[in-house]
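S.K.: Please find one structure pasted underneath; my questions will follow.
The values are calculated or read from the model by the stated rules, or taken from the named source; none is laboratory data. Computed from a predicted model, the values in this text were never measured in an experiment. Counting neighbours? That spans all protein chains shown, and the Cβs are built from the backbone with ideal geometry, glycine included. Keep in mind that these areas ignore ligands, DNA and RNA; they rest on the heavy atoms of the full protein, side chains included. Shrake-Rupley method; radii C 1.70, N 1.55, O 1.52, S 1.80 Å.
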Amino acid sequence: MKTSTSTQHRLNKLSEQGLFSLVIFPLRSSSKLTFLFLWILLWTFCGMVFIVCWFNYSSGMDYAKIELAAIEQKIKDPLQKKNALEQLKRKIEQNRNQRLFLLVAIGFWTYYELKVLRAYFFRKFGYEKIWIKNGYLFYRRDVFGKGKVKKFELDFISSIEVIEFNDQNFFESMNRSFWSLSGENLQFNYHSKVMRFGIQLDKKEMKEAAEFLNRGIMELKKN
């Protein structure tokens with residue numbers, strides 16, 4: 001007997017002979033996606049400014065070499081030459097510090113650029129898929145029809161457990177923010193590892209998903 005149901009358009013369940021399948025769609029909001037896209041555009045612009053500035057400051061070393069050659073050729077007075085060289089040294093040190101600051105800023109920018117881009121594309125085009133078949137549980141986080149499939153033997157899987165969350169906890173609230181791909185609410189033990197999935201489910205969804213998958217594991221283990 002084949003059945004297919006959904007909860008609030010986020011859970012798509014399918015069960016038939018020898019197969020249990022669950023698709024978890026991410027939280028989607030057109031207004032939040034639009035805001036996130038605008039944030040990405042602004043953040044990308046900021047990053048391009050950082051990168052252009054870094055190249056500009058990097059070219060400052062070439063100007064320093066030209067200035068050093070000019071000092072050596074044009075200034076004959078030892079005291080004046082010493083003062084000019086010290087001033088040039090301060091400029092080089094300042095330039096080095098500016099380039100170091102920009103490198104740190106570019107690294108910070110790159111991290112959040114990639115993090116938010118992943119969240120945006122997953123929210124808009126992706127989903128999580130779990131299916132149980134032929135003695136295995138499979139998991140894939142799919143975006144644009146692509147994603148690595150993880151495979152687990154049912155005999156070594158514990159039951160699916162719910163990971164409770166506390167909305168009053170600041171860090172948990174951050175993990176469940178729209179721009180983040182964290183805040184998984186389901187898990188199982190596999191050998192010595194813990195596998196987590198089910199991004200930002202509400203309490204009803206996580207309970208329903210856990211019950212459905214546990215039923216599938218038990219039934220297919222018996223068979």
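S.K.: Output the residue which, of all residues in segment 203-223 that are without any contact (Cβ under 8 Å) to a residue 12 or more places away in the chain and either closer than 16 Å to Trp131 by Cα or not in a helix (DSSP H, G or I) (or both), is nearest to the chain's Cα centre (by Cα).
M.R.: Among residues in segment 203-223 that are without any contact (Cβ under 8 Å) to a residue 12 or more places away in the chain and either closer than 16 Å to Trp131 by Cα or not in a helix (DSSP H, G or I) (or both), the one nearest to the chain's Cα centre (by Cα) is Glu211.
S.K.: Only one residue in Leu85, Leu100 is over 23 Å from Met195 (Cβ atoms), free of Cβ contacts under 8 Å to residues at least 24 places away in the same chain and in contact with a Leu (Cβ under 9 Å, 6 or more places away or on another chain). Which one?
M.R.: Leu85
S.K.: Scan segment 51-74 and give yes if some residue there is surrounded by 12 or more Cβ atoms within 10 Å (Cβ to Cβ), within 30 Å of Phe178 (Cα to Cα) and not hydroxyl-bearing (Ser, Thr, Tyr), otherwise no.
M.R.: For segment 51-74, residues surrounded by 12 or more Cβ atoms within 10 Å (Cβ to Cβ), within 30 Å of Phe178 (Cα to Cα) and not hydroxyl-bearing (Ser, Thr, Tyr): present.
S.K.: Looking at (1) open to solvent by 50 Å² or more (accessible area, probe 1.4 Å); (2) in a strand (DSSP E or B); (3) touching a residue at least 40 places away in the same chain (Cβ under 8 Å), which is the one condition that is false for Ile132?
M.R.: (1)
S.K.: Check Phe121 against each of (1) touching a residue at least 40 places away in the same chain (Cβ under 8 Å); (2) under 30 Å from Leu42 (Cα atoms); (3) of a type in the set (Phe, Trp, Tyr) and name the one condition it does not meet.
M.R.: Phe121 satisfies every listed condition except (1).
S.K.: Counting only residues that are loosely packed, with under 14 Cβ neighbours inside 10 Å and either touching a helix residue (DSSP H, G or I) at 6+ places or on another chain (Cβ under 9 Å) or within 16 Å of Trp131 (Cβ to Cβ) (or both), which one in segment 7-26 is modelled with the lowest pLDDT?
M.R.: Step by step, filter segment 7-26, then rank; the result is Gln8.
For (1) exposed (fewer than 13 other Cβ atoms within 10 Å of the Cβ); (2) touching a His at 6+ places or on another chain (Cβ under 8 Å); (3) part of a strand (DSSP E or B), each residue gets a yes or a no:
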| position | (1), (2), (3) |
| --- | --- |
| Asp142 | no, no, yes |
| Lys151 | yes, no, yes |
| Asp155 | yes, no, no |
| Ser159 | yes, no, no |
| Glu164 | yes, no, no |
| Gln168 | yes, no, no |
| Ser173 | no, no, no |
| Ser182 | no, no, no |
| Leu186 | no, no, yes |
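S.K.: Now a separate question. Limited to segment 188-202, what total is found for residues that are part of a loop (DSSP other than H, G, I, E, B) and either of a type in the set (Phe, Trp, Tyr) or open to solvent by 30 Å² or more (accessible area, probe 1.4 Å) (or both)?
M.R.: 3
Conditions (1) within 30 Å of Trp179 (Cα to Cα); (2) open to solvent by less than 30 Å² (accessible area, probe 1.4 Å), marked per residue:
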| site | (1), (2) |
| --- | --- |
| Lys82 | no, no |
| Glu86 | no, no |
| Glu93 | no, no |
| Arg96 | no, no |
| Arg99 | yes, no |
| Leu102 | yes, yes |
| Ala105 | yes, yes |
| Leu114 | yes, no |
